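Below you'll find the structure, written out as structure tokens, and then a few comments.
The values are calculated or read from the model by the stated rules, or taken from the named source; none is laboratory data. Note that the coordinates shown come from a computational prediction; the quantities given were computed from them, not determined experimentally. Cβ: placed from backbone, ideal geometry, glycine included. Neighbour counts: every protein chain shown. Only protein heavy atoms, including side chains, enter the accessible area calculation; ligands, DNA and RNA are left aside. Shrake-Rupley method; radii C 1.70, N 1.55, O 1.52, S 1.80 Å.
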Amino acid sequence: MIPIFRGLVSKGTLNNPGFYSYLKSFEGKEVEVVVRTKKEKRSDPQNRYYWGVVIEMLSHHTGYSRDEMHDALREKFLGMERDENGLVMMKSSARLTTDEFAQYVNNIVRWAAEKLGLYIPDPSRVEY
């Protein structure tokens, strides 16, 4: 597995000593370095709404366990991807940015209303 190093760049230097230690292990080798701005993962309120309202209501409505419902929704709305070993895996919702996760949940809520006749309230209308 390739490690990911995060930190703040100040005066052209990354404030992560682990990165420089790891970089030393490539001494004398040609390397490829990718730098990008950090993506914000889903927020705690998004996660609480997803598990406490969306998954809870859908599990109750369908009879699936919470984990079964989560897996079924991931497969339906996120699909599959091939990992570095060539294995096909369900995409992870934990890796979605806040915007991607909001779109994922919106798609689920719309689907639940259209296909299951289940109204899932907006996050501003429920406590979770």
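When we screen Asp71, Asp44 for residues that are among the acidic types (Asp, Glu) and open to solvent by less than 80 Å² (accessible area, probe 1.4 Å), the only hit is Asp71. Residues of the stretch 74-107 that are surrounded by 11 or more Cβ atoms within 10 Å (Cβ to Cβ) and part of a loop (DSSP other than H, G, I, E, B): Leu78, Lys91, Leu96.
Counting the residues of the stretch 47-68 that are open to solvent by less than 40 Å² (accessible area, probe 1.4 Å) and more than 14 Å from the chain's Cα centre (by Cα) gives 6.
Taking the listed residues Glu27, Glu114, the one that is closer than 30 Å to Tyr128 by Cβ and loosely packed, with under 15 Cβ neighbours inside 10 Å is Glu114, with no other qualifying. Residues that are over 21 Å from Arg95 (Cβ atoms) and loosely packed, with under 10 Cβ neighbours inside 10 Å within the stretch 1-20 comprise Leu8, Ser10, Lys11, Gly12, listed in sequence order.
State yes or no: is Ser124 more than 13 Å from the chain's Cα centre (by Cα) and open to solvent by less than 60 Å² (accessible area, probe 1.4 Å)?
Details: more than 13 Å from the chain's Cα centre (by Cα): yes; open to solvent by less than 60 Å² (accessible area, probe 1.4 Å): no.
Considered against the rule, which asks whether it is more than 13 Å from the chain's Cα centre (by Cα) and open to solvent by less than 60 Å² (accessible area, probe 1.4 Å), Ser124 comes out as no.
Only one entry in Ser43, Ser59, Ser65 is among the hydroxyl-bearing types (Ser, Thr, Tyr), at pLDDT below 95 and either in contact with a Leu (Cβ under 8 Å, 6 or more places away or on another chain) or closer than 20 Å to Tyr128 by Cα (or both), namely Ser43. Across the stretch 25-45, a minimum of one residue is classified as assigned to a helix (DSSP H, G or I), touching a helix residue (DSSP H, G or I) at 6+ places or on another chain (Cβ under 9 Å) and either within 30 Å of Leu118 (Cα to Cα) or not basic (Lys, Arg) (or both).
Among residues of the stretch 102-128 that are at negative phi and in contact (Cβ under 8 Å) with a residue 12 or more places away in the chain, those with a beta-carbon under 9 Å from a residue that is part of a helix (DSSP H, G or I) and acidic (Asp, Glu) at least six positions away or on a different chain give the pairs Tyr128/Glu56.
Within the stretch 76-91, count every residue that is of a type in the set (Asp, Glu) and under 13 Å from the mean Cα position of the chain (by Cα).
Narrowing the stretch 76-91 to residues of a type in the set (Asp, Glu): 81, 83-84.
If we keep only those that are under 13 Å from the mean Cα position of the chain (by Cα) as well, we get none.
Here the count works out to 0.
For the stretch 111-126, the criterion of being closer than 26 Å to Lys39 by Cα and of a type in the set (Val, Ile, Thr) is satisfied by no residue at all.
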